[in-house]
Amino acid sequence: MNQEKKVVSKKKVANEDSQGLNKLLNSAVNNAGNELVEQKSEKPVLAKKEKRTGKEIQELLDEMGKALTANSGGLSDKFGWMVYDQLSKSCYKDTNIFEAVKHICTELKGIAPKDQIEGMLATQMIATHHAALDNFAIAAESETIDIRVAALSSATKLTRTYVAQMEALNRYRGKGQQKMTVEHVHINSNVQAIIGNITKNDSSQKEGGLIRGILKNEQ
């Protein structure tokens, strides 16, 4: 009897520990994401490798915060978790916190924001991309022409928005196309001028929208 009571007591403690750890982790990220451990029975028993102390959970959260901050261009973990909160709600509603953080960091790493402004633009680009693909999926699965047309229209607008966001990011980074406007051109007598885009086969010649002039003396 004593042994049976001990076994029941251990299971009860494991159950309480499991529920307590889940509540701690979910509350630490503002209740974002799904439950980390599915409660499939009244008395779930976690495997030894899955059991973590409160300190280990906090260390795990700290590492995820650092990864989010580093990949989002943030100055503090608050910015990284803000990006997580926004993208988890708009793109990863049905994904647990571990998978969501992994996907978000992967997407942010591809854009490689260098500061928080780029990080916010990157966040918008990711959300726009997901929204566009969701609309394409709706159009593909819909059997009603009205819904399909509406979904494709929204997807088209979102893809254009994505391009505009990408161009805004490039302009902010100084990679936008530069233009030079010449208001007055003076050509002396006995001289020909060719004004426009001139390209050469030389691979070292950079292409661009600059106005180049070649002057030739007819004498």
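Values in this text are rule-based calculations from the coordinates and carry no lab data. Just so we're clear, the structure is a prediction, and the values are computed from it rather than from any experiment.
Kirkwood Rh over alpha-carbon pairs of the stretch 114-176, then Stokes-Einstein at 20 °C and 1.002 mPa s: what D in µm² s⁻¹, rounded to an integer?
171
So what J values fall out for the stretch 156-171 if you push phi through Karplus, 6.51 cos²θ - 1.76 cosθ + 1.60 with θ = phi - 60°, rounded to Hz, Gly and Pro as x?
Per-residue couplings from phi come out as 5, 5, 5, 5, 5, 4, 4, 4, 5, 5, 5, 5, 5, 5, 5, 5 Hz.
Of Lys55/Lys89; Lys102/Lys157; Lys66/Lys114, which sit over 19 Å apart, Cα to Cα?
Checking Cα-Cα distances, Lys55/Lys89; Lys102/Lys157 exceed 19 Å.
Taking amide H positions as placed in the peptide plane 1.01 Å from N, state which residues far from Gly74 in sequence (5 or more) or on other chains have amide H under 5 Å from it.
Hits under the 5 Å cutoff: none.
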